[in-house]
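Visitor: Dropping a structure here in structure tokens format, bear with me for questions.
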Amino acid sequence: VQLQASGGGLVQPGGSLRLACAASGSIAAFDTRDWYRQAPGKQRELVATITHAGSTVYADSVKGRFTISRDNARSTVYLQMNSLTPEDTAVYYCRYTGSDERKYWGQGTQVTVSS
């Protein structure tokens, strides 16, 4: 399974970005997809999770601001990020977990929130 993340960039505080993560290869019928982020000097942290059926979980720090969604026909997961703050600055990674529990990571996309 290969993951291609896109959509990062530089945005002002209060702005929005939409990340996308497209999966290709031997994709399982039932998979779970996550977005993680890692800020400089910090550990990688889970941002949001979505199951194949569409159930979602969010980190407390992003609840009400971020929305994870998926398009199963396109094997793509999205992360809509609104009301961004400098604390959201990080490299964002998508992760795929197949029905066999194997995990794959995307290459990461940089999100920088700065005026």
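The values are calculated or read from the model by the stated rules, or taken from the named source; none is laboratory data. On a predicted model such as this, the values are computed, not experimentally measured, just so you know. Positions of Cβ are generated from backbone atoms using ideal geometry, with glycine treated the same way; all protein chains shown enter the neighbour counts. Accessible surface areas use protein heavy atoms only, side chains included; no ligands, DNA or RNA. Shrake-Rupley method; radii C 1.70, N 1.55, O 1.52, S 1.80 Å.
Visitor: Would you mind computing, in nm to one decimal, how far apart the modelled labels at ASP60 and GLN110 are, each placed 7 Å from Cα along Cα→Cβ?
Guide: In this crude spin-label approximation the distance works out to 3.1 nm.
Visitor: Test of understanding: express the Cα radius of gyration of segment 43-107 as a ratio to 2.2 N^0.38 Å, with N the residue count. Numbers along the way, then the final one.
Guide: On the way: Rg = 12.4 Å, N = 65, 2.2 N^0.38 = 10.7 Å.
Expressed relative to 2.2 N^0.38 Å, the Cα Rg reads 1.15.
Visitor: Can you tally the net charge around ALA39? Count Lys and Arg as +1, Asp and Glu as -1, for every other residue whose Cβ sits under 10 Å from the Cβ of ALA39. Intermediate results must be reported in sequence, preceding the final value.
Guide: Numbers: positive: ARG37, LYS42, ARG44; negative: GLU45, GLU87, ASP88.
Computed value for this residue: 0.
Visitor: If you don't mind, another one. Any idea what % of Cα-Cα pairs in segment 17-73 are farther than 16 Å? Display every interim value, and only then the final one.
Guide: Values: 776 of 1596 pairs.
Beyond 16 Å sits 49 percent of the P(r) for segment 17-73.
Visitor: Obtain the radius of gyration and the Kirkwood radius of the chain from its C-alpha atoms and give Rg over Rh.
Guide: Working: Rg = 13.4 Å, Rh = 14.0 Å.
Result for the chain is an Rg/Rh of 0.96.
Visitor: A further question follows. First compute the accessible area of the chain with a 1.4 Å probe, then give the percent of it belonging to carbon and sulfur atoms.
Guide: Values: 2880 of 6060 Å².
Within the chain, the accessible surface is 48 percent carbon and sulfur.
Visitor: Within 9 Å, Cβ to Cβ, of VAL77, how many net charges do the neighbouring residues add up to if Lys/Arg are +1 and Asp/Glu are -1? Please report the intermediate quantities before stating the final value.
Guide: On the way: positive: ARG33, ARG70; negative: ASP34, ASP71.
Value of the local net charge: 0.
Visitor: Probe of 1.4 angstrom, ligands and nucleic acids ignored: what's the accessible area per residue over the chain, in square angstrom? Please report the intermediate quantities before stating the final value.
Guide: Working: 6060 Å² over 115 residues.
On a per-residue basis, 53 Å².
Visitor: Based on Cβ point charges of +1 for Lys and Arg and -1 for Asp and Glu, what charge dipole magnitude is obtained for segment 18-115 about its Cα centre, in debye rounded to the nearest 20? Walk me through the numbers on the way to the answer.
Guide: Values: 12 positive and 9 negative charges, 24 e Å.
Using Cβ point charges on Lys, Arg, Asp and Glu, segment 18-115 gives about 120 debye.
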